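In what follows, a structure is listed as structure tokens, so that the remarks can point back to it.
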Amino acid sequence: MREFSLDTRGGRIAGLRAGKPGDVRVLALHGWLDNAASFVPIAPLLPGLDLVAPDLPGHGASAHLPPGADYSFAAAVNGVLNIADALGWERFSLLGHSMGAGIASLVAAACPQRVERLVAIEALGALAEVPERTVARLRDAIAAARTLPGKSLRVFPDLAVAVRARAAAGAMVGSRLSEDAARRLVERGVVPVEGGFTWSSDPRLTLPTMQRMTEPQVRDLVAGIECPTRVIFADPAQPYLPDALRRERAALLPRGELVVVDGGHHLHMEDPERVAALIGDFFTAPATAGATAA
């Protein structure tokens with residue numbers, strides 16, 4: 001993949017790109033605190049695609065949002081559309097992993113006239129919250145935001161320490177991220193500082209979300225995704241999205257199909273050949289009508 005950068009309405013966006021103009025247009029959206037390197041292992045296995053993997057705002061080598069701005073899902077939707085606009089893409093497909101799959105779900109639901117196809121890996125829709133947690137979530141988010149400016153960033157003496165820290169963080173949430181995969185993300189996700197390296201990502205990304213949708217709202221959103229959609233989940237399921245719930249959501253897709261395979265949260269990095277085979281010619285196949293949710 002080759003480097004690119006774009007000036008968008010939301011700021012400077014960096015990223016990686018594979019394929020060539022004239023191929024099928026696909027925006028690849030990475031997960032939370034990951035970056036465009038998330039798609040390096042799988043990109044060569046998806047021929048025929050003009051695959052554009054941006055570092056989403058605040059991640060990797062892209063610009064942080066201005067002071068006072070929030071990293072909300074609504075802002076992320078506009079961020080993706082800004083990238084597509086800067087590329088000159090009116091119509092395109094989406095490939096998303098984790099947070100990126102959640103954002104892609106929102107874009108597909110909000111702008112059916114622009115999204116041709118969607119592959120969502122390890123997420124569908126947004127994380128939900130019960131209404132009774134509204135006030136507690138808001139208070140926690142505001143308190144964390146007010147204390148963030150006084151916190152110092154962790155400095156790693158060398159890249160090897162940062163790689164081990166990233167792999168360990170993945171293990172804590174069940175992602176089974178290998179050291180090789182962690183190294184890809186770390187090399188793109190750090191900046192040199194006095195004494196070593198620190199994360200390049202915006203510290204505001206670690207703040208609690210002020211407000212989340214309820215589960216009925218998420219289900220309405222998923223049911224509103226009109227384009228052909230393939231959802232790929234790893235088994236075992238992540239604690240925040242149990243298997244029964246993700247199957248219920250996938251069944252709401254008007255033109256969707258669900259695939260569940262053994263693996264970890266970063267299965268597109270750990271087993272790219274298998275995931276590429278599951279994607280197959282989905283992006284390049286002619287559009288078909290009908291629902292195939294499973």
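Excluding ligands, DNA and RNA, the accessible surface per residue across segment 1-66 is 38 Å² with a 1.4 Å probe. With the helix formula -39500 (n - 2.57) applied to DSSP H stretches of n ≥ 4, the chain reaches a computed 222 nm mean residue ellipticity of -10000 deg cm²/dmol. The overall shape of segment 94-167, judged from the alpha-carbon gyration tensor, is oblate: a/c is not under 1.5, and a/b is no greater than b/c. Cα centroid separation, segment 65-81 to segment 179-199: 24 Å. 3J(HN,Hα) along segment 263-269: x, x, 4, 9, 4, 6, 9 Hz, from the Karplus curve 6.51 cos²θ - 1.76 cosθ + 1.60 with θ = phi - 60°, whole Hz, x for Gly and Pro.
Accessible area per residue was computed with a 1.4 Å probe on protein heavy atoms; Asp70 scores about 90 Å². Helices assigned as whole DSSP H runs in the chain whose Cα atoms extend at least 24 Å along their own long axis and whose mean Kyte-Doolittle hydropathy is 1.0 or higher are not found. Hey, quick one: spin label on Asp243, modelled 7 Å out along Cα-Cβ, who in segment 106-128 has an amide N within reach, i.e. under 17 Å? Inside the label zone: 122-123.
For segment 70-162, the list of GluC sites (Glu not before Pro) that fall in a loop by DSSP and count at most 11 other C-beta atoms within 10 angstrom reads Glu90. If a spin label sat at a point 7 angstrom from the Cα of Leu153 along the line to its beta carbon, the backbone N atoms of segment 193-218 nearer than 17 Å would be those of 193-207.
Expressed as a whole percent, the accessible area of the chain that falls on carbon and sulfur atoms is 56 (1.4 Å probe). By definition, a body whose alpha carbon gyration tensor gives a ≥ b ≥ c is rounded when a/c is under 1.5, and the chain falls into this rounded group. Taking the Cα atoms of segment 228-273, the ratio Rg/Rh between the radius of gyration and the Kirkwood radius comes to 0.98. Oblate is the label for segment 205-260, because a/c, from the alpha-carbon gyration tensor with a ≥ b ≥ c as root eigenvalues, is 1.5 or above and a/b does not exceed b/c. Sparse packing (at most 12 other Cβ atoms within 10 Å of the Cβ) combined with a DSSP loop state is found for none of the chymotrypsin sites (Phe, Trp or Tyr not before Pro) in segment 37-112.
Per-residue surface analysis assigns Arg249 an accessible area of about 10 Å², computed on protein heavy atoms at 1.4 Å probe radius.
The values are calculated or read from the model by the stated rules, or taken from the named source; none is laboratory data. A quick note: this is a predicted structure, and the numbers were derived from the prediction, not measured. Cβ coordinates were reconstructed from backbone atoms using ideal geometry, including for glycine residues, and neighbour counts include every protein chain displayed. Just so you know, the surface numbers come from the protein's heavy atoms only, side chains and all, with ligands and any DNA or RNA stripped out. Shrake-Rupley method; radii C 1.70, N 1.55, O 1.52, S 1.80 Å.
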